[in-house]
1. Please work out which residue is surrounded by the most Cβ atoms within 10 Å (Cβ to Cβ), limiting yourself to region 97-129 and to residues that are of a type in the set (Asp, Glu) and not in a loop (DSSP other than H, G, I, E, B).
2. Scanning for something in a helix (DSSP H, G or I), within 19 Å of Cys111 (Cβ to Cβ) and among the small types (Gly, Ala, Ser), does region 166-185 turn up at least one residue?
3. Let me confirm something: among Leu268, Leu264, Leu218, which residue is in a helix (DSSP H, G or I) and either under 17 Å from the mean Cα position of the chain (by Cα) or of a type in the set (Ser, Thr, Tyr) (or both)?
4. Out of everything in region 84-109 that is aromatic (Phe, Trp, Tyr) and either in the same structural domain as Met267 (by TED's automatic domain parsing) or over 27 Å from Val228 (Cβ atoms) (or both), what residue ends up being modelled with the lowest pLDDT?
5. Just checking, how many residues over region 64-96 are among the aliphatic types (A, V, I, L, M), surrounded by 15 or more Cβ atoms within 10 Å (Cβ to Cβ) and assigned to a loop (DSSP other than H, G, I, E, B)?
6. Would you tally the residues in region 39-58 being free of Cβ contacts under 8 Å to residues at least 12 places away in the same chain and either of a type outside the set (D, E, K, R) or part of a loop (DSSP other than H, G, I, E, B) (or both)?
7. Modelled with pLDDT of 85 or more and buried (at least 16 other Cβ atoms within 10 Å of the Cβ): does that describe Leu49?
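The values are calculated or read from the model by the stated rules, or taken from the named source; none is laboratory data. Values in this document were obtained by computation on a predicted structure and should not be read as measured data. Cβ coordinates were reconstructed from backbone atoms using ideal geometry, including for glycine residues, and neighbour counts include every protein chain displayed.
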Amino acid sequence: MSIAVYLLHKGYVTSHLLFELFAHRASDGTKKTWVPEEVSQFAFRVRELRKEGRILPKTEAFLLNYPLWEHKAISYQKYLHKHGIDTYLQDDAIYPQEFRMIGDPPFILFCTGNKELLQTNYKLAMVGTRQPSKHGEEKSKQFAFESAYCKITTVAGNAVGVDSLIHQYSQKYGGDTVAFVPRLDIDLNPKKSILYVSEFPPNSSQLEKWMFIARNRLVAAFSDATVVIEAPIKSGTLTTVDLTVSYGRNVYFVLPDITCESALGGMLYAIANPYNSFVQSLYDVLFWEEQSELVDRYTSMITSLSGGQLIIPEKEYRHLALVNLLPILWRFANKDLRKFETLVVKLQRSGIIVKRKNKAVFNFSGYNSWQKT
């Protein structure tokens with residue numbers, strides 16, 4: 001709808017006001033797009049909004065003269081399309097169902113990059129501070145790597161710090177990632193593994209603080225769950241956490257380095273709200289989310305056992321967190337108790353695994369010795 005796109009571009013209306021102009025409630029309670037077939041229909045709505053004090057007189061005058069600038073609106077939409085930016089309304093099949101379920105969905109989505117990611121199967125928001133510690137950087141890399149291998153789409157807000165690290169490493173390791181931005185940039189020129197999304201077009205109004213919070217609601221609503229890498233006290237990241245909870249989704253906090261101030265806000269939030277969980281790896285998230293198929297995919301990533309040796313094809317495997325290897329070793333031994341015990345003992349003596357309570361886990365401190373086994 002070129003008229004709505006142009007109005008946002010010129011800053012005459014908000015995304016919310018577009019629903020008042022161009023949408024109506026269907027019998028099932030959902031909002032449907034309404035296109036004015038006659039000037040009189042559109043004019044009636046504009047005048048009603050002016051009577052209610054919802055729009056200014058100058059806005060009313062501009063809207064009532066839309067036949068005079070409609071050609072500019074069409075030209076602007078063609079300009080966006082030329083630069084690889086497509087627009088989607090709620091009625092479009094590709095518009096994410098997750099947004100239809102919240103109280104303030106975006107009227108229009110401006111997208112550039114791999115648009116198919118709007119309908120990706122499973123996605124996790126991974127958010128955090130703009131100034132991550134070394135621990136936060138390593139955890140960002142780990143979670144991005146694990147997600148890429150498990151074919152899980154990562155979601156973040158494209159800010160500096162943790163967000164940008166998630167996008168960067170997701171693409172580096174061959175994964176898909178979705179970046180929600182306060183306002184789209186005409187010169188992004190994205191790769192096929194990333195999608196940029198905003199509810200505001202390029203070159204529209206100046207960025208304001210509320211636009212970042214509006215962006216955060218899209219990150220939270222679009223994702224199946226949210227993982228907080230690091231969040232200091234009074235962190236904007238925690239607004240995404242609150243929104244995630246309000247949408248009925250789960251929040252997970254990466255076990256922090258308690259010596260780093262950049263993690264204190266997230267840690268205190270998690271402690272104060274016992275329904276939240278601390279996690280060390282993507283495995284923990286998938287387990288609590290009851291994603292059994294993805295858990296199997298994760299464990300297949302971890303282990304490649306042959307002749308009692310652990311094969312580590314990529315250096316990044318050292319980042320894999322504590323996963324119980326006993327069930328995997330049991331299957332590898334074809335459920336033969338003698339072979340199973342021999343294999344466990346051999347891996348322990350080699351320094352590859354260590355026994356902790358009733359689990360066998362990778363011995364990260366012995367990573368450098370793995371290649372010698």
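1. Within region 97-129, the subset of a type in the set (Asp, Glu) is 98, 104, 116.
In the following step, the residues that additionally are not in a loop (DSSP other than H, G, I, E, B) were identified as 98, 116.
Numbers: Glu98: 18, Glu116: 11.
Per the stated criteria, the residue is Glu98.
2. Yes: one or more hits.
3. Details: Leu268 fails: either under 17 Å from the mean Cα position of the chain (by Cα) or of a type in the set (Ser, Thr, Tyr) (or both); Leu264 fails: either under 17 Å from the mean Cα position of the chain (by Cα) or of a type in the set (Ser, Thr, Tyr) (or both).
Just a single option satisfies the conditions, and that option is Leu218.
4. Step one: filter region 84-109 for residues aromatic (Phe, Trp, Tyr), giving 88, 95, 99, 107.
Subsequent filtering for residues that are either in the same structural domain as Met267 (by TED's automatic domain parsing) or over 27 Å from Val228 (Cβ atoms) (or both) retains 88, 95, 107.
Values: Tyr88: 93, Tyr95: 94, Phe107: 89.
The residue in question is Phe107.
5. Qualifying residue count, region 64-96: 1.
6. To start, the set of residues in region 39-58 that are free of Cβ contacts under 8 Å to residues at least 12 places away in the same chain comprises 40-41, 44, 48, 50-53, 56-58.
With either of a type outside the set (D, E, K, R) or part of a loop (DSSP other than H, G, I, E, B) (or both) added as a condition, the list becomes 40-41, 44, 52-53, 56-57.
Here the count works out to 7.
7. Details: modelled with pLDDT of 85 or more: yes; buried (at least 16 other Cβ atoms within 10 Å of the Cβ): yes.
Taking the combined requirement at face value, the residue satisfies it.
Conditions (1) touching a Pro at 6+ places or on another chain (Cβ under 9 Å); (2) at pLDDT 90 or above, marked per residue:
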{"position": "Ile233", "(1), (2)": "no, no"}
{"position": "Val241", "(1), (2)": "no, yes"}
{"position": "Arg249", "(1), (2)": "no, yes"}
{"position": "Thr259", "(1), (2)": "no, no"}
{"position": "Tyr269", "(1), (2)": "no, no"}
{"position": "Pro274", "(1), (2)": "no, no"}
{"position": "Phe278", "(1), (2)": "yes, no"}
{"position": "Asp284", "(1), (2)": "no, no"}
{"position": "Asp296", "(1), (2)": "no, no"}
